[in-house]
Amino acid sequence: MALREDQILRYSRQILLREVGGRGQEALLSERARLDGVGASGLTAAAYLAGGGTPVAGVGSLTLGPWAPGFLASAEDVGQPATELLARALPEVNPDAVGADAGGGLIAELPAAWSGAAPWVALGGDGARAAVVFRGPEGCVWCFGETVRHLTPPPDGALGVALGALGALVFQRLRLGMSEPLGGRWLAAPGEVTELEPRRCARCASRETQSP
Ligand SMILES: [Zn+2]
């Protein structure tokens, strides 16, 4: 798929970043992300992904809670299905971020059911900090599961918004092949990012002890 003139203008900031480029932007536009989550982090991630060109589709039957109004939702949306809000609000953020219906990764607020193609990006926390855990196509599914199993749901408020923005960035990096296959980050406060060491599944752990 080739970029149209208006798309080159819309994404010029991203395309100019050497790491993204025209090819990278085409990759971001061509595959969607599935979103499972209606908190501050999930809705913020949806807005950032759509802004960057990735079509986002809601999954599941979650409805919007009283915390939802913000970036995408207004007070009238409370109690409405999240999928309807996303289908209506995201084209306003970016008219390109609609359509693509095949494949796509998953970005979800914990706890969540994980299936389908990578990238997988989990938005969670530990009660004090926010956390993002991610896996690309080469990352171990079981290590990912073992890591997210120990995390709580993500925070709301400003830290949740910051987590959503970080989650969208992580998702885009995975899609562009610019990320390690499995990893995580803690977010103690907006802008305060530290490494989150993923847990090892039994198989990967035994392989590591056997290797010299
Ligand atoms: Zn593993």
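The values are calculated or read from the model by the stated rules, or taken from the named source; none is laboratory data. Computed from a prediction, not measured in an experiment: that's the story for all the values here. When we count neighbours, we look across all protein chains shown, and the Cβ atoms used for this are built from the backbone with ideal geometry, even at glycine.
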* Asked: Any idea how many residues of the stretch 194-204 are in contact with a helix residue (DSSP H, G or I) (Cβ under 6 Å, 6 or more places away or on another chain) and surrounded by fewer than 20 Cβ atoms within 10 Å (Cβ to Cβ)?
  -> 4
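Matching residues to (1) more than 21 Å from A50 (Cβ to Cβ); (2) touching a helix residue (DSSP H, G or I) at 6+ places or on another chain (Cβ under 8 Å); (3) not assigned by TED's automatic domain parsing to the domain that holds C140:
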| position | (1), (2), (3) |
| --- | --- |
| L163 | no, yes, no |
| G167 | no, yes, no |
| L182 | yes, yes, no |
| A189 | yes, yes, no |
| E192 | yes, no, no |
| S206 | yes, no, no |
* Sole residue being within 14 Å of the ligand (Cβ to nearest atom), touching a residue at least 12 places away in the same chain (Cβ under 8 Å) and surrounded by 19 or more Cβ atoms within 10 Å (Cβ to Cβ), chosen from L182, L187 -> L182
* Leading residue by the ranking (modelled with the lowest pLDDT) among those in the stretch 190-212 that are away from the ligand (no atom under 14 Å from the Cβ) and of a type in the set (A, V, I, L, M) -> V193
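To keep it simple, each residue is scored yes or no on (1) surrounded by 16 or more Cβ atoms within 10 Å (Cβ to Cβ); (2) modelled with pLDDT of 90 or more; (3) outside the structural domain of V38 (by TED's automatic domain parsing); (4) in contact with a helix residue (DSSP H, G or I) (Cβ under 7 Å, 6 or more places away or on another chain).
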position: V93; (1), (2), (3), (4): yes, no, no, yes
position: D96; (1), (2), (3), (4): yes, no, no, yes
position: W120; (1), (2), (3), (4): yes, yes, no, yes
position: G124; (1), (2), (3), (4): yes, yes, no, yes
position: G127; (1), (2), (3), (4): no, yes, no, no
position: V132; (1), (2), (3), (4): yes, yes, no, yes
position: R135; (1), (2), (3), (4): yes, yes, no, yes
position: E138; (1), (2), (3), (4): no, yes, no, no
position: V141; (1), (2), (3), (4): no, yes, no, no
* Any idea which residue in the stretch 24-82 is farthest from the chain's Cα centre (by Cα), counting only those that are buried (at least 16 other Cβ atoms within 10 Å of the Cβ) and free of Cβ contacts under 8 Å to residues at least 24 places away in the same chain? -> D77
* Structure fact -> When the stretch 144-179 is checked residue by residue, the ones that are charged (D, E, K, R) and surrounded by fewer than 16 Cβ atoms within 10 Å (Cβ to Cβ) are R149
* Structure fact -> Of the conditions (1) within 16 Å of the ligand (Cβ to nearest atom); (2) in contact with a helix residue (DSSP H, G or I) (Cβ under 7 Å, 6 or more places away or on another chain); (3) of a type in the set (D, E), the single one that E109 does not satisfy is (1)
* **Scope the stretch 134-157; condition of a type in the set (D, E, K, R) and either within 11 Å of the ligand (Cβ to nearest atom) or within 15 Å of the chain's Cα centre (by Cα) (or both); matching residues** => R135, E146
* Would you mention how many residues in the stretch 25-36 are modelled with pLDDT of 85 or more and not in a loop (DSSP other than H, G, I, E, B)? => 4
* Asked: From the list L176, L166, which residue is touching an Asp or Glu at 6+ places or on another chain (Cβ under 8 Å), under 23 Å from G24 (Cα atoms) and hydrophobic (A, V, I, L, M, F, W, C)?
  -> L176
